[in-house]
1. Between copies, how far does the label point of A:Leu24 sit from its twins, in nm, shortest first, when each point is 7 Å from Cα along Cα→Cβ?
2. Go ahead and estimate [θ] at 222 nm for the protein assembly as shown from helices alone: -39,500 (n - 2.57) per DSSP H run with n ≥ 4, summed, over the residue count, rounded to 500.
3. Quick one: label points 7 angstrom along Cα→Cβ at B:Tyr58, distances to the other copies in nm, smallest first?
4. Which trypsin sites (Lys or Arg not before Pro) in the stretch A:35-104 sit in a loop by DSSP (not H, G, I, E or B) and have at most 15 other Cβ atoms within 10 Å of their own Cβ?
5. Treating only the Cβ atoms of Lys and Arg (+1) and Asp and Glu (-1) as charged, compute the dipole magnitude of the protein assembly as shown about its Cα centre; round to the nearest 20 debye.
6. Mind listing the phi-derived Karplus ³J(HN,Hα) values for the stretch A:33-49, rounded to whole Hz, using 6.51, -1.76 and 1.60 with θ = phi - 60°, and x for any glycine or proline?
7. Name the residues whose placed amide hydrogens come within less than 5 Å of the amide hydrogen of A:Val62, ignoring near sequence neighbours (fewer than 5 apart) on the same chain.
8. Cα extents of the stretch A:45-87 along the three principal axes, largest first, in whole Å?
There are 2 protein chains.
Amino acid sequence: MENKTAVTALAALAQESRLAVYRLLVQAGTEGLPAGKISEIAGIPPSSLSFHLKELSYAGLVTSRNESRFVIYSANFSAMNELLAFLTENCCGGQACLSITTPVCDGNCDD
Amino acid sequence: MENKTAVTALAALAQESRLAVYRLLVQAGTEGLPAGKISEIAGIPPSSLSFHLKELSYAGLVTSRNESRFVIYSANFSAMNELLAFLTENCCGGQACLSITTPVCDGNCDD
DNA sequence: TCCATATTTCAATGATAATGGAAATATAAA
DNA sequence: TTTATATTTCCATTATCATTGAAATATGGA
């Protein structure tokens, strides 16, 4: 992962509404949630939410799919794992630290 | 960890210079690095670096200690672990995901 | 004390981001 | 086709952040 990619992802998360939305989606798992439901749960007006979801999408942290009239958003777990790995990369000069070698979540808990 | 605390930490990391500095300190381990050395390695002018280090300190991501005329900065590993845990908390609704239960790095690799 | 070095603070400028109502678009059910 | 619902785009306003040279401060050595 490149520094700029990580900055984009971190900037997307560095905002109260977006962080709340992202965590909601992490907890929702691969099934995801429709935009309206997110708006309702997080208490964010639709237009603001749309703006924030676009930021999260652009950063690659969430993906969306269409289901009838609904747009369902879900967390991109591999993007999250790459970000966490980037932050902890070569920790303490690569000595015997408990660096992440396995992903934190494979995003397939619902199988 | 509270949402606002996490936003502060993420905002501190969501900037190219600061992310580079932070990763440098993560790699440096508990020993840390003096400000001048960071400025030199990262290619950031002292006044800019000072501004960025203050942001990282305020966010609790780095700490500093004085050693003669030098100010030595080092990464706060427990803050990082709390942040990572917060991001992945209750992932997939708390099902059998590989959630972090052990810290990624204890920051004591040099012992 | 005096000087050299390390780091921080100050200040002015320029750039980027957040907000939410109203209007536009899209989809599907009646 | 008409209507209701879901979501996005547009826009103007407001707020916050990044940059860096010059000056100030702090510390230790000569």
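Since every read-out is calculated from the coordinates, none of them should be taken as a lab result. Remember, predicted model here, so these are calculated numbers, not experimental data. Here the Cβ is made from the backbone with ideal geometry for all residues, glycine too, and neighbour counts use every protein chain on show.
1. Output for A:Leu24: 3.9 nm, nearest copy listed first.
2. Using -39500 (n - 2.57) per qualifying helix, the result is -15500 deg cm²/dmol.
3. In nanometres, ordered from closest: 2.4.
4. For trypsin sites (Lys or Arg not before Pro) across the stretch A:35-104 that sit outside H, G, I, E and B with at most 15 neighbouring Cβ atoms in 10 Å, the list reads A:Arg69.
5. For the protein assembly as shown, the charge dipole is close to 660 debye.
6. 9, x, 3, x, 5, 4, 4, 5, 5, 7, x, 10, x, x, 5, 5, 4
7. A:Ser57, A:Asn76
8. Computed over the stretch A:45-87, the largest-to-smallest principal extents equal 36, 21, 13 Å.
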